[in-house]
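Bear in mind that the values in this text are calculations on the coordinates, not laboratory data. Just so it is clear, the model here is predicted, and its values are computed rather than measured. In this analysis, Cβ positions are derived from the backbone assuming ideal geometry, glycine residues included, and neighbour counts consider all displayed protein chains.
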Amino acid sequence: MADENRVLDPERDAAALKALTHPLRITLLGLLRADGPATASELAVKTGESSASTSYHLRVLAKYGFVAEAEHRDGRERRWRPVHAVTSWNNEEMDASPAGRAFMSRMARRQLDHLHRSLARYERDLDAGRIGPEWRRHAGITDLMPRLTADSLAELWQAFEGKLAELTERDAEDPRAEQVVVFAATLPVAARMPGEYDPLAAPGEGDEPGGAERSTASGGGPAGPEEPGADGPDGPGVPHGHDGPGGHRNVSWGAS
């Protein structure tokens with residue numbers, strides 16, 4: 001079983017941070033965390049890569065302590081397992097260096113990419129009848145823009161993580177439970193001066209000029225996705241978390 005957490009230090013783990021930013025390595029580590037131990041060949045089938053490529057990148061992950069050899073089923077091919085269930089870092093420490101800031105930016109964009117993939121997978125599962133109607137009422141995406149203090153934001157993360165941990169433990173042995181991809185983001189944005197360009201006010205991709213977004217926007221409640229996301233290899237999700245003052249963690253996939 002994987003240990004719960006690995007905290008990355010931007011100075012001590014500089015080489016590991018660089019290694020982890022490779023998109024395929026992130027994908028491989030996420031798949032191992034979501035689906036359990038696997039061989040390079042099995043992961044090649046899931047990702048559409050060659051087994052030589054997945055084998056190389058798994059060895060790089062092993063070099064920096066993200067994966068390790070698992071027990072072999074038949075001894076013919078090496079099996080890999082994740083060493084940690086969670087990867088985390090401290091935002092303030094990462095902000096102190098250009099490399100740290102670049103790492104966090106790349107990871108955030110990787111997570112947005114997986115949000116699109118998760119949306120596509122969710123919609124395919126709905127169309128195929130693999131997701132029951134009891135899930136549809138509670139699934140979807142929402143975006144809100146409340147005014148909060150930094151202390152309130154910290155309290156929000158603590159409440160979110162605490163409740164998620166409670167429900168995860170409660171449902172661990174429930175046969176009705178399914179894997180649920182949970183994304184969370186809290187991004188403070190500074191007020192703009194009168195006449196200053198505001199990216200939030202610009203039409204989104206695919207919106208009519210001057211029109212409102214088609215999905216639920218600031219202040220709206222949960223809404224299901226309306227347009228298919230970009231298709232691509234399926235994989236586990238990348239929820240965010242918070243580890244106290246200045247802390248931030250990524251669970252499962254995105255910066256695993």
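Under the combined filter of DSSP loop state and at most 11 neighbouring Cβ atoms within 10 Å, the range 64-115 retains these GluC sites (Glu not before Pro): E71.
Using just the alpha carbons, could you tell me how many Å³ per residue the convex hull of the range 35-185 encloses?
Taking the convex hull of the Cα positions in the range 35-185, it is 183 Å³ per residue.
Model label points for E77 and W135, set 7 angstrom from Cα along the Cα-to-Cβ axis, are 2.8 nm apart.
Taking trypsin sites (Lys or Arg not before Pro) across the range 1-43, the ones in a DSSP loop with at most 14 further Cβ atoms lying within 10 angstrom of their Cβ are R12.
From least to most packed, judged by other beta carbons within 10 angstrom and beginning with the fewest, W135, W157, W89 follow the order W135, W157, W89. Cβ-to-Cβ counts within 10 Å put Y122, Y64 in ascending order as Y64, Y122, the fewest first.
Cross-link reach is defined here as a Cα-Cα straight distance under 22 Å, omitting same-chain residues fewer than 8 places apart; for K63 the lysines meeting it are K18.
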